[in-house]
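One structure is given below, encoded as structure tokens.
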Amino acid sequence: MTRAEGIERVGVVGAGQMGNGIAHVFALAGYEVLVTDTNPEALAAIPVIVSRNLDRQVNKGAITAEAKADALGRIRATPDMPDLGPLDLIIEAATEREPVKTAIFEALVPHLAPHTILATNTSSISITRLASRTDRPGKFLGVHFMNPVPVMQLVELIRGIATDEPTFERALSVVQSLGKTAAVAQDFPAFIVNRVLIPMINEAVYTLYEGVGTVSSIDLAMKLGANHPMGPLELADFIGLDTCLAIMNVLHDGFADTKYRPCPLLTKYVEAGWLGRKTKRGFYDYHGDAPVPTR
């Protein structure tokens, strides 16, 4: 794999699960990566988490120990977001809330180099609307990585209405340089993957809410009956119930169609702070040795 032409230095805004995965794959592909986050603990944990995930690849024989060391040497962290300004490509990977993303781009704009491309890892929010809050809607697009980033092959590429062709082509080259495959999506709520996936999860929550099945029976039915590697409720816990709810709300608001109404039980779990694996409780309880259904 070789770096995409004109892209050598990449910035990542957000040191959470998606941000550290994005930093991982870019560094492994030979890019210099600078990561920023408002949370000092998350920023400090980046090398530890990336190192652990690279070790998995070393143990599987997918990469060498030397490649791991080289990749770690390409990742740096900074608490100061303006430091990312001169880079070639900046990818925002913050929480799935539009005001947060908008604030990030507005804070970056005064510090950007003229050539810098801006991208968002949003899984559902309008690319056109986010781009309009910057000084370069032509150099702005959606680059939606799947979770976990080092493992999943797909990247959704989403043009905003103003995204220019050179920017899109360069982003496509970047995705290919990472050894991943791009699926091109139009700028409609939730794009392709989550427009199909999250309503399915929401329907599984309705199936639980209406007493059609238990957590275990719903997940078992979809794993054995539809050959899904994870049941929909287990998958919801992995994604994060707050993220699932946020995407359902984007769909509901964007299309004004009742088929996208979030299940009240999903809302209730989020209100309770039961967000899935990251809080150790969602549709399953993760405090013990094995997950236990909570309903």
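Entry note, the chain: the mean residue ellipticity at 222 nm calculated from DSSP H runs of n ≥ 4, each adding -39500 (n - 2.57), is -13500 deg cm²/dmol after division by the residues and rounding to the nearest 500. Could you tell me which of Asn147, Ile218, Asn39 has its Cα farthest along the dipole of the chain towards the positive end, charges placed at Cβ (Lys, Arg +1; Asp, Glu -1), taken about the Cα centre? Of the listed residues, the answer is Ile218.
Considering all different alpha carbon pairs of segment 9-185, the Kirkwood hydrodynamic radius works out to 16.0 Å.
Bridge orientation summary for the chain: considering DSSP beta bridges with both residues in this region, about 25 percent are antiparallel. Any idea what angle helix 193-209 forms with the longest principal axis of the chain, computed on alpha-carbon atoms, 0 to 90 degrees, nearest 10? Once rounded, one gets 20 degrees.
Summary value for the chain: 13 percent relative contact order, contacts being C-alpha pairs under 8 angstrom separated by 6+ residues. With a Cα-only, solvent-free Debye model of segment 194-293, what are the log10 I(q)/I(0) values at q = 0.11, 0.12, 0.23 Å⁻¹? Those come out to -0.29, -0.35, -1.26, one per q.
May I ask you to list the trypsin sites (Lys or Arg not before Pro) in segment 1-78 that are in a DSSP loop and have at most 10 other Cβ atoms within 10 Å of their Cβ?
Sparse-neighbourhood loop trypsin sites (Lys or Arg not before Pro): Lys60.
Over segment 94-253, the pair-distance histogram of Cα-Cα distances with 5 Å bins from zero comes to 2, 9, 16, 19, 18, 14, 9, 6, 4, 2, 1, 0 percent, rounded to whole numbers.
Under the Kirkwood approximation for Rh and a Cα-based Rg, what ratio Rg/Rh is obtained for segment 65-152? Each step should come with its number before you reach the end.
Values: Rg = 14.1 Å, Rh = 14.1 Å.
Checking Rg against Rh, the ratio lands at 1.00.
Read-outs: derived from the displayed coordinates by stated rules, not from any lab. Note that the structure is a prediction, hence the values are computed from the model and not measured. Counting neighbours? That spans all protein chains shown, and the Cβs are built from the backbone with ideal geometry, glycine included.
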